[in-house]
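Beneath this line is the structure, given in C-alpha cells, with notes to follow.
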Amino acid sequence: MSRDDASMPGAIPEGAEHPDLRFMRAALEEAARAHAAGEVPVGAVVVRDGEIVGRGWNRPIGSHDPSAHAEIGALRDAAARLGNYRLPGCELYVTLEPCAMCAGAIQHARIARVVWGAADPKTGACGSVVDLFAEPRLNHHARSIGGVMAAECAGTLQAFFAERRALVRARRGRGDGSDGTQRAARGTGGSVAPIEQRDPSDPDDPPDPAIGIAPD
Ligand SMILES: [Zn+2]
C-alpha cells in the first residue's frame, strides 16, 4: 500500500482533472446508486486505457448475495464486456478499501492497479488489517493506492448511516417499531460484519467509528 502515494504523477494538462479523481467520482456515482437502493453506499469502476469498461455498486442485501460487493460487480461487468475473465492492464477504482474477498477477486482478474478512497480499519485488506497486495507468497500483485478522495468517500458512508439512524429514530418515535430495513448478513461469533453488510438500524452492529461514524 502506498496511502501517501496519492500524489498526482504524470503530466496532466493545466486545468484538467487528474484521471484518478475523475474515475473516483465515477465510483462515487455508483455508490449513490447503492444509497438510493438502501444499500451501504460503496461504488466501483474498472478502467482500461482511460475508459470505463465496468461499473458496480454494493448490493448484498437486495440481491441476497454476500459476495455482491461493488468491486465484484464492476469486475463481472468489465469481464463480460471485454469477453475475458482476466483484465490485464485494467485499473479498479472503489470508494472503500477492498475486503479480503474483493482483494482476492482483483488478484484473480489480474487487475494492474487498485485505487481506493476511505480506509476500512475493520476489514480492509489493502493495509488496514492485512495488505494482500504486499504479500509475496501470493502470485499476482496489483499496485494499491489508497486515500484518494477519502473525505468524500467516507462522507458518503457517514451521510448514509446518519440518514438511516434518523429514519429509525423517527419510526421508533411513531411507535410502529419498524425500521424499514431488511437485516443484513452478519458475521458469527460476535465478529464485526464488513461495512458493506452492516445493518445501520441494528444497535448491535454499530457503524464504524474509524470512518467517522459515531454510534448513537
Ligand atoms: Zn469486498
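Read the figures in this text as sums done on the coordinates, not as results from a lab. These numbers were taken from a predicted model, which means no experiment stands behind them. FYI the Cβ positions are ideal-geometry reconstructions off the backbone, even for glycines, and counts take in every protein chain you see.
Quick notes on this structure:
- Computed FRET value (nearest 0.05) for ARG86 with ARG171, which takes r as the C-beta separation and R₀ as 35 Å: 0.15
- Qualifying chymotrypsin sites (Phe, Trp or Tyr not before Pro) in the stretch 66-150, DSSP loop, other Cβ atoms within 10 Å at most 12: TYR85
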